[in-house]
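Have a look at the structure below, then the notes.
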Amino acid sequence: CVTLGFAVGVFAVSFGVTSVSAGASVAQTCVMSLLVFTGASQFSAVSVIGSGGSAVSAFGGAALLAARNSVYGLAMAPHLKGRLGVRLLAAQWTIDESTAMAAAQSDERHRRAAFWITGGSIYLFWNIGTLIGAVLGSAIDPEVYGLDAAFPAAFLAMLWPLLRERRSAMAAAIGSFLCLLLIPFTPVGVPILAAALGILVGVPAPKAEVVGA
């Protein structure tokens, strides 16, 4: 769990560099990691702003990516009971990695331990990495070292196994088509929002009612 946290922290360096290069200050970048703490949404937001997109487009794309965490929260809620302060902290640390590590455990005690250790270590290393990247951001060009592509490449690697499923592949194809279609004609960020329509193929069709005789 701690090793995973360190590995994620390496990607946080890339975020820090990218955020400062997009025009954010070191303080703004660090506060974003402290409060938002969801890498995909953070990268999406600063990428849209850095490309000249509006704040509305940046927020919309980031919110769509972060929406998956609400599903994780529903899955983890029965296992993370406690006082309000504990539950608020658990909500902040409910991300892909902490949920996956907890779900992989066979009993309740290990499930809770995996969640807290994974979430805590990733939160720590993510914010340390963000600070390092933000401080370095004004001194290096992320494109020269390929840091601008590091997180998107890792995100695609995580999504790749899902493409083996028919509906997932269809959603990806529709989203990609809409995004590419709209890029030449719409403001930055809008194609990403439109690409989210691809998820509609995963919505189950309503069952037809059987009328009795």
Quiz item: Name the residues in segment 61-88 that are in contact (Cβ under 8 Å) with a residue 12 or more places away in the chain and more than 11 Å from the chain's Cα centre (by Cα), would you?
Solution: 72, 73, 75, 76, 79, 80
Quiz item: Looking at segment 26-65, which of its residues are open to solvent by 50 Å² or more (accessible area, probe 1.4 Å) and hydroxyl-bearing (Ser, Thr, Tyr)?
Solution: 47, 51, 54
Exercise. Determine which member of the set 132, 117, 128, 95 is crowded, with 19+ Cβ neighbours inside 10 Å, closer than 28 Å to residue 17 by Cα and not charged (D, E, K, R).
Key: 95
Quiz item: Looking at (1) hydrophobic (A, V, I, L, M, F, W, C); (2) open to solvent by 30 Å² or more (accessible area, probe 1.4 Å); (3) under 30 Å from residue 108 (Cα atoms), which is the one condition that is false for residue 76?
Solution: (2)
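The values are calculated or read from the model by the stated rules, or taken from the named source; none is laboratory data. Computed from a predicted structure; not experimentally measured. Cβ sites come from the backbone with ideal geometry, for glycine too, and all protein chains shown count toward neighbours. Heavy atoms of the whole protein, side chains included, go into the accessibility calculation; ligands, DNA and RNA do not. Shrake-Rupley method; radii C 1.70, N 1.55, O 1.52, S 1.80 Å.
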